[in-house]
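J.: Can you read through this structure? Questions will come right after.
The values are calculated or read from the model by the stated rules, or taken from the named source; none is laboratory data. Every value quoted in this text rests on a predicted model; they were computed, and no experiment measured them. Here the Cβ positions follow ideal geometry from the backbone for every residue, glycine too, while neighbour counts run over all protein chains shown. Side chains included, ligands, DNA and RNA excluded: accessible areas come from the protein's heavy atoms. Shrake-Rupley method; radii C 1.70, N 1.55, O 1.52, S 1.80 Å.
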Amino acid sequence: MALHKGTGDDRRLAINPFVGAADPLSAMELAPPLHRLSDGPVAADTAYQLIHDELMLDGNAKLNLATFVTTSMEVQATRLMTECLDKNMIDKDEYPQTAELERRCVAILADLWHAADPEATVGCSTTGSSEACMLAGLALKRRWMRRNADRYAAGARPNLVMGVNVQVCWEKFCTFWEVEARTVPMSGERFHLGAEEAVALCDEDTIGVVAVLGSTFDGSYEPVAELCDGLDALQGRTGLDIPVHVDGASGAMVAPFLDPDLVWDFRQPRVASINTSGHKYGLVYPGVGWALWRDREALPEELVFRVNYLGGEMPTFALNFSRPGAEVIAQYYTFLRLGRSGFQAVQGACREVAVYLAERIEALGCFRLLTRGDELPVFAFTTTEDVTFDVFDVSLRLRERGWQVPAYTFPAEREDLSVLRVVCRNGFSRDLADLLLSDLTRLLPELRKQPRPLKEFGVPNRTAFHH
C-alpha cells in the first residue's frame, strides 16, 4: 500500500445545484472540505454522487492488462458478497457456517494440490498471497529455530533463498522478520530461479527455498521438481534438509487444471507449504488468499493462537485479526459453481487468448517475445533492436486508448532489459485482444516516425506496475 502525506490546504468539493434533492441552494452552500471533516453531515445521495463522479477518472478494469487481480464476477457471486459484507471472518462462533465454508475451501485445495493425507493438511484463508507468504515464511523460520536453538541463541542468522524475481512481499518478510534474503539474479535468458543456482546459496542457516509458480515478471513457472531434486542431492551430500515453499499466487490455480502432469505440489515430498491468491486466478474479487501446510509438523503449534473472547475458543494463525468473510464465501461459490471442468475451461480460455495475442504481437515484426503465455496466461515482450521507440513509448501511447499495459525494467542482473507485460484474465476475450492488436497496429507507424525514444527528449518513463 502506498504511503500518503497529509495536506494543509482548504480546498473544497464543488456541488452542482441540482444535486440537492429539495433545495438547490443548500447543495451550493454546502461545499464540504476535501482534507478535513466538515462541520456537519452530507446527504447520502450527495455524498454518493460526489464520489461516483470522481471515480470515473479511474481506468476501465477490463482494459487493465497490468493486474493479476480478478475484475469481474457473476451477479450471483456479487449478491452473495453483498449479503455477507457485515460478516467478520475471525468470529467463527458467531458465523459458524462461514467458518465451515472456509474449512471446505481448505479441503478442496488440499485435494487439488495432491496432499498425501488431506485430513492432516492444515490451512487458512488470508487477505491475499502477501499475508499467506508471510505466514509460510514464519513457519519456515520457526522450524529452523527449533532445529538450531543453540546456534540461533548464539547469533546465527537465518536466510531464505529465492529468485530476484519474487514478489515484493518476500522482501518485506525478510526485512520485517530479520531473515537474510539470498536472491539468485537473472542471467542471460534465464529470468527466474534456477535449481543449480538456488542450491549453491543454501547452507545450514537456510530456512527454506521459495519457488514461484508463475513469475509476475514474465508469467513463467519456476522448476519446482528440479529444485527439489537438487535439494535432495544436497541432503545426500551434507545432511541438510531444506524445505521448499511454493508461491503459487497465480499458478497454483492454473497448473492443476491446465498442466496436470507437472509435479510441483505436495506430490513433491520436499514441498512443505503452498500459497495462492483466491483473488487472482482463483477468480474472486480482492482480497482473499490461502496458505496450506503439508501437515501439522510443517506448521509449528506455537504459531497458532487461541482466543475465547468472541464466544467459543478458536485457533487463529494470521497477521490480521478482523477481516471480511464475504470473499471466503465467494471463493466457495466459485469452487461450487465451476468444478474441475469449469476451471479448466476458464483458465484454458485465458491461456488460448494469451498465446494467440503473443503470436500476433510477434508477427508485427518490431517486438521480441520473452514468454508466450503458455504457462501462466501472461507474456512479456520487448522491442527489437532496429526500432527507434521503446517499451515505455508503447505503454504511454496505448494509454491514450484506455489500455493499461505496464512497461518496466527487469531487476539485477538484467537491468538492461525493459519489457511490456500482458495479463490475460477471465473476461479478457479474443475480441478484446483483437481490439488491442488493432490499436497497437494503428500506433506503430507514428511510433516508427520517432527519431529516438521519448526519454531521450527528457520525457520520463511511465509505468503502470511496480514489482
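J.: Along the charge dipole of the range 198-291, pointing to its positive end and built from +1/-1 on Cβ of Lys, Arg, Asp and Glu, which listed residue (H245, A211, W290) has its Cα farthest out?
T.: W290
J.: Tell me what the chain gives for mean residue ellipticity at 222 nm when only DSSP H runs of n ≥ 4 count, each as -39,500 (n - 2.57), the sum divided by the residue total, rounded to 500 deg cm²/dmol.
T.: Helix contribution divided over all residues of the chain: -11500 deg cm²/dmol.
J.: Do any GluC sites (Glu not before Pro) in the range 122-195 lie in a DSSP loop with no more than 13 other beta carbon atoms within 10 Å, and if so, which?
T.: Those satisfying the criteria are E178, E189.
J.: Another question, then. Antiparallel DSSP bridges in the chain: what percent, to the nearest 5?
T.: In the chain, approximately 60 percent of DSSP beta bridges are antiparallel ones.
J.: State the volume of the convex hull built on the alpha-carbon positions of the range 320-395, expressed per residue in Å³ and rounded to an integer.
T.: 144 Å³
J.: Counting pairwise Cα distances across the range 263-389, what percent come out greater than 18 angstrom?
T.: That fraction is 71 percent.
J.: Accessible area per residue for the chain in Å², computed with a 1.4 Å probe and the full protein assembly in place, what is it?
T.: 48 Å²
J.: Quick one: work out Rg over Rh on the C-alpha atoms of the range 125-220, Rh as Kirkwood radius.
T.: Radius of gyration relative to Kirkwood radius: 0.98.
J.: Next up: Give the residue list of trypsin sites (Lys or Arg not before Pro) in the range 401-439 that are DSSP loop and have at most 14 other beta-carbon atoms within 10 angstrom.
T.: R401
J.: Tell me, rounded to the nearest percent, the portion of alpha carbon pairs in the range 36-188 spaced more than 23 Å apart.
T.: 65 percent
J.: Can you give me the relative contact order of the chain as a percent, contacts being Cα pairs under 8 Å and 6 or more apart?
T.: Relative CO of the chain lands at 18 percent.
J.: Please list H4, H279 from largest to smallest accessible area, probe radius 1.4 Å, with all protein chains kept in place.
T.: The ordering from most to least exposed comes out as H4, H279.
J.: Sticking with this one: Convex hull volume of the Cα atoms in the range 332-467, per residue, in Å³?
T.: Looking at the range 332-467, the number lands at 129 Å³ per residue.
J.: List, in order, the whole-Hz ³J(HN,Hα) value for each residue of the range 74-89 obtained from phi through the Karplus relation with A = 6.51, B = -1.76, C = 1.60 and θ = phi - 60°; use x for Gly and Pro.
T.: After applying 6.51 cos²θ - 1.76 cosθ + 1.60, I find 5, 4, 5, 5, 4, 5, 4, 5, 4, 5, 10, 4, 8, 8, 9, 4 Hz.
J.: Continuing with the same structure: Using every Cα-Cα pair within the range 217-336, state what percent have a distance larger than 17 Å.
T.: Value for the range 217-336 (Cα pairs over 17 Å): 67 percent.
J.: Tell me, what is the percent relative contact order of the range 213-261, built from C-alpha pairs under 8 Å that lie six or more residues apart?
T.: About 41 percent, as a whole number.
J.: Which of the GluC sites (Glu not before Pro) found in the range 336-391 are in a DSSP loop and have at most 13 neighbouring Cβ atoms, other than their own, within 10 Å?
T.: Counting only loop positions with at most 13 other Cβ atoms within 10 Å, the GluC sites (Glu not before Pro) in the range 336-391 are E385.
J.: With N set to the residue count of the range 367-407, report its C-alpha Rg divided by 2.2 N^0.38 Å to two decimal places.
T.: Here the Cα radius of gyration is 1.26 times the empirical estimate.
J.: Given the pairs K87/K280; K5/K141; K92/K141; K87/K141, which are separated by over 30 angstrom at their Cα positions?
T.: K5/K141; K87/K141
J.: Identify which of the listed values of log10 I(q)/I(0) by the Debye sum over Cα atoms at q = 0.10 Å⁻¹ was calculated from the structure shown: (i) -0.85; (ii) -0.99; (iii) -0.76.
T.: Structure-derived value, by its label: (i).
J.: Taking the Cα centroid of the range 173-209 and of the range 218-263, what is the distance between the two, rounded to the nearest whole Å?
T.: If you average the Cα positions of each part, the centres end up 14 Å apart.
J.: Run the accessible area of the chain with a 1.4 Å probe and give the carbon-and-sulfur part as a rounded percent.
T.: Carbon and sulfur: 52 percent of the exposed surface of the chain.
J.: Here's something else I'd like to know. How big is the range 85-167 along each principal axis, measuring the range of its Cα positions in Å and listing the largest first?
T.: Reported extents, whole Å, longest axis first: 47, 29, 29.
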